[in-house]
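Participant: Just dropping this structure here.
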Amino acid sequence: MGNMNRRSFMATGLGASLTVATAGSAAADGESSDGRQNRSGFWREPAREIPVAGEADVVVCGGGPAGLAAAISAARAGASVQLLESNGCLGGIWTAGLVPYIIHARRESCLMAQIWQRMAAQHDSRLPFFNPEDMKVLLEELCAEAGVSFQLHTRVAAAATENGRLRYAVTESKSGRQAWGGKIFIDTTGDGDLGALAGNGYDFAHEETGLFQPSSLNCLVAGLDSEEVAGLDRWAMQQELKRAGVGPSYGLMGASLFFLGAGLYFLQATHQYGYRLFDSARNQTRATVAGRAENHRMVHALRQLGGKWRNIVLVATAEQIGNREGRRLHGLATVTRDDLREGRKQPDPAVSGVTYLMNIHPVRLEGNPAEIEALRAPVKPYDIPFRALVAKDVDGLLMAGRCLSGDFFAHGSYRVTGYAVPLGETAGVAAAVAAQTECVPRELAWEAVRDRRREVREAHL
């Protein structure tokens, strides 16, 4: 594999040792690869060499809260790091997704504390709320300071494994198809794209019914008098929308209007039901268009009411739709409903004392079916084990954020961004330790990860 590491490797026909899986790949028997459609309805792409754009100790796919935390922490632990992000900014749901709200921020996380402090000091943010543009700039600064190499507008399209170990992530971008070699990879795509492409097993939706939570497309609005709209909780906001004739699809969740400062507000009031987004660009498109149209209808209707809404204007809708349900990649351990209900401690706590509720958004406008609601329970402080961040079926792969290994109900708790950051932090340090000791994550002793994480945190307080 020496020549492939230095230059390029073939997209197909690589021999038995290196296996490449691509997004939407399928066997195509029949006609030659001259660009014509064959009898099976597929076009066979000719084999080609893909340039190796870079190699690093740690390759992180996905630059949202978990991914940026993983990348920065791995770099601080001494690893060379390549971060790949599909959007035109870092921050994921915080920025491109227009959810400018740090839910259940864990301040014992060194990186979270730094984000919190610098957002307040540099941008005068009304934390836990913030201006997404301020967050974009801060995250880019933090990555640059840590020595993280990152490339935006770059989406994972394939994964290459050798003897069960992940060797390359293959991406598509304006630079064409590129391969990125790494010693250790971290999937922080949210939807588990890299892990699935590499052949790791996964679960999706409620295990018995197949039902899943809706997505949300959020927006920013301005033109409001802060005194006139002060005190509008989600239920009062929902009634205002109903008074305007546009009862929000957020339904039983109400509708949220949060002040971000400097005349800017965050409005969260839409649900897009029944769109399976993690593996369908068509569904992503339909859900996004539906959510954007609803946001415009709501703002227009509110303005027609006059009064405190007379000058409301829609500033922006999200570029990245907020997808609550994606792949939950299989790990060496799985976080379960019983862990939350019983408050279980773990011998290898990647995050300790998680307390966020089982936040299962209604799977349909009228609410959740009885078989789901009956299983929701109060949450006692529980641990997320490091083993749930280690891929079960593919060596050299870690995951952090909402695609880690858990069941439907546990996922409703740990998926929020306040936990994504310390999860990414732990995965990044573990990846650096694995790369430096030339082992795979499943071989790591938890104590080595824990101790190195403590050293990295103390060095960057």
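The values are calculated or read from the model by the stated rules, or taken from the named source; none is laboratory data. On a predicted model such as this, the values are computed, not experimentally measured, just so you know. Backbone-built Cβ (ideal geometry, glycine too); neighbour counts: all protein chains shown. Quick note on the areas: whole protein, heavy atoms, side chains included, nothing else; ligands and nucleic acids left out. Shrake-Rupley method; radii C 1.70, N 1.55, O 1.52, S 1.80 Å.
Participant: Evaluate the following for CYS89: is it at pLDDT 95 or above, surrounded by fewer than 24 Cβ atoms within 10 Å (Cβ to Cβ) and under 24 Å from the mean Cα position of the chain (by Cα)?
Facilitator: In short, yes.
Participant: Check region 18-39 and report whether any residue there is on the phi > 0 side of the Ramachandran plot, at pLDDT 80 or above and either over 14 Å from the mean Cα position of the chain (by Cα) or open to solvent by 50 Å² or more (accessible area, probe 1.4 Å) (or both).
Facilitator: No - not one qualifying residue is present in region 18-39.
Participant: Which of (1) open to solvent by 10 Å² or more (accessible area, probe 1.4 Å); (2) part of a loop (DSSP other than H, G, I, E, B); (3) more than 13 Å from ALA159 (Cβ to Cβ) is the odd one out, the single condition GLU227 does not satisfy?
Facilitator: (2)
Participant: When residues of region 243-286 are filtered for being in a helix (DSSP H, G or I) and either modelled with pLDDT under 95 or closer than 26 Å to LEU211 by Cβ (or both), how many remain?
Facilitator: 9
Participant: So, one more: Looking only at region 319-361, filter to residues that are basic (Lys, Arg) and under 20 Å from the mean Cα position of the chain (by Cα); which one of those is nearest to GLY412 (Cα to Cα)?
Facilitator: Filtering region 319-361 for residues that are basic (Lys, Arg) and under 20 Å from the mean Cα position of the chain (by Cα), the one nearest to GLY412 (Cα to Cα) comes out as ARG324.
Participant: Yes or no: LEU220 under 21 Å from GLN268 (Cβ atoms), open to solvent by less than 40 Å² (accessible area, probe 1.4 Å) and in a loop (DSSP other than H, G, I, E, B)?
Facilitator: The answer is no for LEU220.
Participant: Quick one: how many residues across region 191-209 are in a loop (DSSP other than H, G, I, E, B), at pLDDT 95 or above and charged (D, E, K, R)?
Facilitator: Residues in region 191-209 being in a loop (DSSP other than H, G, I, E, B), at pLDDT 95 or above and charged (D, E, K, R): 1 in total.
Participant: In this structure, does ALA198 turn out to be touching a Leu at 6+ places or on another chain (Cβ under 8 Å), under 27 Å from ASP407 (Cβ atoms) and open to solvent by 10 Å² or more (accessible area, probe 1.4 Å)?
Facilitator: Judged against the criteria, ALA198 is a match.
Participant: Sticking with this one: Of everything in region 362-389 that's acidic (Asp, Glu) and more than 21 Å from the chain's Cα centre (by Cα), which residue is surrounded by the fewest Cβ atoms within 10 Å (Cβ to Cβ)?
Facilitator: GLU366
Participant: Quick test of your reading of the structure: ALA377 fulfils all but one of (1) modelled with pLDDT under 95; (2) among the aliphatic types (A, V, I, L, M); (3) under 22 Å from GLY322 (Cα atoms). Name the failing condition by number.
Facilitator: Looking at each condition in turn, ALA377 falls short on (3).
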